[in-house]
Amino acid sequence: MSEDDARIRAGYSERDATLSRLGDAFASGYLDQDEFEARSSQASTARFRDDLVGLTRDLPHQLAVPEEGTQVPTARVRMGEVEAPRHENVVAIFGGANREADWIASSTASMILLFGGAELDLRHCVWPADGRIEVTCFIAFGAAEIKVPEGVRVINHIVPLFGGAGTDGVRPSRTGPVLVLRGVALFGGIGVTGPDARDQHHGD
């Protein structure tokens, strides 16, 4: 038996826990955006639990909580007991699809893009009551953009195969809503842009 075979493999729960802790550290100022994105990318693709340990080893066991009165990022989204679709399909084949403005987001969604593009604007939508949206993606020769408001934490499990998946300008809060991305980007890509994204127009 090889050394790798003897190691304990990591599953979704361990990766999610590490990504959540990294998000808390970023929101509390222990990591800058480049460090957060680099470590999050490694956590998303980690095969073994040992690979996850080093990503949070230098962080305090208990992250400092800002003193009362200190301004911290807050999510500018509405969450409540609004009846929403249980699941939504976003499909674009040789075309485009979008969800924007004042819409009600489902807890789970599937995004299938084949030589197409899609845009999900979550900045003004009504989020599920538990503040969590999971999107499973299959992107082949296409591109997707998801816009999120201040306070949203992104957990990225996208596997890029000759493609890409990343975030830009996301400003998460420790207690903010969570966006979970899963799936594959094949010769395509998906990007999540927050309020500090470099390519967003002023006032957008």
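The values are calculated or read from the model by the stated rules, or taken from the named source; none is laboratory data. As the structure is a computational prediction, the values presented were derived from the model and not from experiment. Note that each Cβ is placed from the backbone with ideal geometry, even for glycine, and that neighbours are counted across all protein chains shown. Ligands, DNA and RNA are excluded from the accessible area calculation, which covers all protein heavy atoms including side chains. Shrake-Rupley method; radii C 1.70, N 1.55, O 1.52, S 1.80 Å.
Given a 1.4 Å probe and the protein chains as shown, H87 ends up with an accessible area of around 90 Å². Less than 5 angstrom separates the built amide H of A97 from those of G117, A118, E119, all sequence-distant by 5 or more or on a different chain.
Packing-based ranking of 142-149, 11-18 yields 142-149, 11-18, ordered from highest to lowest mean Cβ neighbour count within 10 Å.
Between the amide H of L186 and those of I139, A140, F141, L161, distances stay under 5 Å, these residues lying 5 or more places away or on another chain, with hydrogens modeled in the peptide plane.
Rounded to 0.05, the FRET efficiency of the N98 and D196 pair, given R0 = 25 Å and the Cβ-Cβ distance, is 0.65. Subtracting the Cα-Cα distance of S107 and R86 from 0.36 nm times their residue separation leaves 7.0 nm of extension gain. Taking a point 7 Å from the Cα of D58 along the Cα-to-Cβ direction, the residues of the stretch 15-52 with backbone N closer than 14 Å to it are 26, 30-40. In a reduced charge model with +1 at each Lys and Arg Cβ and -1 at each Asp and Glu Cβ, the stretch 104-189 shows a dipole moment near 220 debye about its Cα centre.
Using the Cβ-Cβ distance between F162 and E35 with R0 set to 30 Å, the FRET efficiency works out to roughly 0.70.
For V91, the accessible area of its heavy atoms, probed at 1.4 Å with every protein chain present, is near 80 square angstrom.
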